[in-house]
């Protein structure tokens, strides 16, 4: 009989560890990997949040919290990086052409590999017995937690048992317990990957859990964020010399919102908190199984999230009608709450700024952790470091170039855990459709929406409030060249590594490009300050605008403080086409007031650009917002 050590790795996509080789391979430790979806850095109680997460908090109290764990800007790119041990791009754009899935390698070492929950990790097929011996979950990027979908499977067979009592968060936990029980009974070492949909939208949780949090968020974004930040300072999670990122122009000010909107926003965040609460309860059940089986103390637990907080989708016209405890509803949270989730960092999911990359990571392993219980570890770990760490833990060798594979880009952080050694982080390459970054030592260059490279000192300014690119242009260019050279070396298409453009678009530009892929810019600029007094709205495109069967009153301008009555409404008779019909201009707008936030609504299909009907601007998933200066 082989001795079975349980190594539980709960992944909130926010932590990783350094390099190490040790003599435990013959002991065949079990591995439990738990990942949350879109969980922000500050959401857990042990990271400063107000949400009830007692099970994860206990893991942190008796284990290690990582304060500098990073993932990638997006769900799928992080998940591929986890499973491939290298970036999404290096792994062949998620094809695994140059990589081998981690569970496949562990299978060859005698592990029973198992997964429940969300895959969304590229073209490797989790239903294949060559990847996971046991699989239950869904393949895409999200699911209706009560109604399921057609991409759910149990093994290779479609799963559609979505009865009235089905709940994805509970089902993912239930099946993980079944799988682990089987492996324990058969005395086989296992790799168990539990990948929750929570708290990704749709924000669905039981009514009693949602009601538990009603009113918790009535004081607004700024108040909740400040309370989280103060708790982080008390815990020692963040450096008091860092300047917390202020709200961007895209974040509506709480004092500007009408009372009914504040109630809606409180309800939206209550639904989000309920999802985190219920996920934590499920994790508690997983840990109870380890305790009952006598393997808890020997278990390595790592918990992280796949990226930082997201602002979800939604629409200002329908948000109040979304019910979290009913199927076929899609409750979401606003970017104001996303700003709170990522305290104290800047920006959100999709960016390569720290708000998207920094996530919580907790490691729990009583028998083998050399660090004091409850310690906060500030070594700079990355999601790509998990793969080599687990190879060290299990004694598995990486095939490398002999098998036609690219080298792993991360390092094992096991010595950080077992010997309290220093971790020498390698340079980090990051890319997603909207952003890119290069991190080396304590410096970082980052670009958003193809805009200019920004340079930040991560030791002095991890909240990215002081761009040094103008002061240190040579250093900025040097790191930018490193990003470009690495991108070329892994065969990234030229269209994905174009040089940056001089202008910087405000947050939400990628959603405006979904409104029309031919959009160039707007006036006033989206998510940016503009001078008061203007009477013009303008959208510039790269292809001509045309009208046919355009609805009346298709465009409206509102002040944030009054969502019911627009300050101006326009139709095709008010529109002017300029610059060979590529500019749509309205110049009869009432003068913009100072220190006021505005938003625009446009009905879908209102006009065509380049022969294609435009989408919708709904001040939710797709916004055109701006604020006037004093």
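Since every read-out is calculated from the coordinates, none of them should be taken as a lab result. All of these numbers come straight from a predicted model, not from anything done at the bench. For neighbour counting, all protein chains shown are included, and Cβ atoms are generated from backbone atoms with ideal geometry for every residue, glycine included.
Sorting 391-397, 59-65 by their mean Cβ neighbour count within 10 Å, with the most densely packed peptide first, gives 59-65, 391-397.
If you model the range 309-450 as an ellipsoid using its alpha carbon gyration tensor, with each semi-axis the square root of five times an eigenvalue, the axes come out at 34, 21, 17 Å, biggest first.
Normalised Debye scattering of the range 434-496 at q = 0.26 Å⁻¹ gives log10 I(q)/I(0) of -1.16, counting only Cα atoms as equal scatterers and leaving out solvent. For the peptides 279-287, 498-506, residues were scored by their other Cβ atoms within 10 Å and the scores averaged per peptide; the highest-first order is 279-287, 498-506. The length gained by stretching the chain between residue 552 and residue 50 to full extension, at 0.36 nm per residue less their Cα-Cα distance, is 176.1 nm. The alpha carbons of the range 509-628 stretch over 37, 29, 27 Å along the principal axes, in descending order. Grouping the Cα pair distances of the chain into 20 Å bins from zero gives a pair-distance distribution of 20, 53, 25, 3, 0 percent in increasing distance order. Label-to-label distance, residue 482 versus residue 186, with points set 7 angstrom from Cα along the beta-carbon direction: 4.6 nm.
Approximating the spin labels as points 7 Å out from Cα along Cα→Cβ, the residue 504-to-residue 523 distance works out to 2.2 nm. A Förster radius of 41 Å, combined with the Cβ-Cβ distance separating residue 530 from residue 151, puts the computed FRET efficiency at roughly 0.40. You can think of it this way: the chain between residue 579 and residue 562 has 2.7 nm of extra reach, that is 0.36 nm per residue less the Cα-Cα gap.
Computed extension gain for residue 243 through residue 397, at 0.36 nm per residue and net of the alpha carbon distance, reaches 51.1 nm.
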